[in-house]
């Protein structure tokens, strides 16, 4: 099958934006390519310059929004990870204040757990229940 060429450079710009957005998900293959606008001003036609001026604001806005979205996602993930680590650390501290050193197998499960509600539940247990009840709850999570 022979793909028809793209009718305008705007199609190329849109295709590049879509490709950039989809590449993190896997390889992106396209049917037809239109040559990009020459970057050398001496080789640009009036249409090329007009196209660049018309699309530069769109590209800049899209790029700023993509960067901002990436920053927000990164901050959210970092905050969530920090909260989980803080709860896990508090759990170990409470356990050790009440019962002495936490067994390594329990500590490993606590440190490897990303389930924040479960960590909070264990923290409550560490403050209110017996060493055997706490150990049983943590070990049963590991087994599941």
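Read the figures in this text as sums done on the coordinates, not as results from a lab. Keep in mind it's a predicted model, so treat the numbers as computed, not measured. Note that each Cβ is placed from the backbone with ideal geometry, even for glycine, and that neighbours are counted across all protein chains shown.
When residue 47 is tested against (1) more than 22 Å from the chain's Cα centre (by Cα); (2) in a loop (DSSP other than H, G, I, E, B), only condition (2) is not met.
Of all residues in region 101-110, none are surrounded by fewer than 13 Cβ atoms within 10 Å (Cβ to Cβ) and under 23 Å from residue 77 (Cβ atoms).
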